[in-house]
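In what follows, a structure is listed as structure tokens, so that the remarks can point back to it.
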Amino acid sequence: PMNNLKREESAKIIASALNIKSDNNQNIFGDVASDAWYHDYVMAMYNAGIINGIGNGNFGVGQDIVRQDAFCMIYGALKHNGITLEQITQSAFNDSAEIASYATDAVNALCSLGIVNGDTQGNLNPTSMITRAEFSKVIYMALEILEK
């Protein structure tokens with residue numbers, strides 16, 4: 001549980017937990033082998049508009065996923081499943097300036113939903129790697145939101 005989560009593992013967990021599937025599994029990422037165990041999950045997430053990869057035509061296979069990227073994936077999956085927020089509270093973490101512009105909406109939305117909160121020092125640690133245990137908690141809380 002304390003190991004860092006890989007990008008492809010996060011795609012599988014989210015796609016499985018939220019039943020995100022795709023009939024179009026044409027591979028668009030250069031680092032996602034068509035026979036890899038994660039191929040269909042990554043393609044389903046891509047085709048649902050939840051992920052875009054890391055640039056240069058790659059998904060980032062084998063890379064640990066940073067917290068803000070994991071939050072973006074979960075936020076995208078929630079939106080894909082019809083969760084909308086009329087008012088998003090601006091997050092107030094000591095390290096808010098470190099949150100990438102592409103991740104701001106996701107972080108604010110997950111904070112507003114009570115899914116994400118800071119550490120005991122008031123930091124989000126957006127560029128730190130997310131552990132399996134942390135990701136499990138966040139995906140569990142996201143599933144609870146969907147069940148309401």
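The values are calculated or read from the model by the stated rules, or taken from the named source; none is laboratory data. Keep in mind the model is a prediction, meaning the values are calculated, not measured. As a convention, Cβ positions derive from the backbone with ideal geometry for all residues, glycine included, and neighbour counts pool all protein chains shown. Protein only, heavy atoms only, side chains kept; ligands, DNA and RNA dropped before computing areas. Shrake-Rupley method; radii C 1.70, N 1.55, O 1.52, S 1.80 Å.
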Practice prompt. Could you name the aspartates and glutamates whose alpha carbon sits less than 17 Å from that of residue 148, not counting residues in the same chain fewer than 8 places away?
Written response: 86
Practice prompt. Starting from the Cα of residue 102, step 7 Å along the direction of its Cβ; do the same at residue 63; then give the gap between the two resulting points in nm.
Written response: 0.9 nm
Response to the item:
Per-residue accessible area, 1.4 Å probe, largest first, puts 2, 73, 141, 129 in the order 2, 129, 141, 73
Worksheet, complete the sentence: Comparing 36, 77, 106 in a Gaussian network model of the chain (Cα, 10 Å), the one with the largest mean-square fluctuation is 36
Worksheet item: Between residue 147 and residue 52, what length comes free when the chain is fully extended (0.36 nm per residue of separation minus the Cα-Cα distance, one decimal in nm)?
Response: 31.5 nm
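Within segment 1-104, report the GluC sites (Glu not before Pro) that DSSP leaves as loop and that have at most 14 other Cβ atoms within 10 Å.
Working: sites: 8, 9, 86, 98; in loops: 86.
Passing both the DSSP loop test and the Cβ count: 86.
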Fill in: Eligible aspartates and glutamates near residue 21 by straight Cα distance, threshold 13 Å, same-chain separation 8 or greater
40
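Could you state the accessible area per residue of segment 21-116 in Å², with a 1.4 Å probe and every protein chain left in place?
52 Å²
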Discussion item. Can you compute the FRET efficiency between residue 140 and residue 94 using 1/(1 + (r/R0)^6), with r the Cβ-Cβ distance and R0 = 35 Å? Round to the nearest 0.05.
Written reply: 0.85
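Heavy atoms only, 1.4 Å probe, whole protein assembly: order 35, 69, 119, 95 by accessible area, highest first.
Result, largest first: 35, 119, 69, 95.
Could you work out how much longer the chain between residue 4 and residue 35 gets when fully extended? Use 0.36 nm per residue separation minus the Cα distance between them, nm to one decimal.
Additional length available on full extension: 8.8 nm.
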Worksheet item: Share of the chain's accessible area from carbon and sulfur, percent, 1.4 Å?
Response: 45 percent
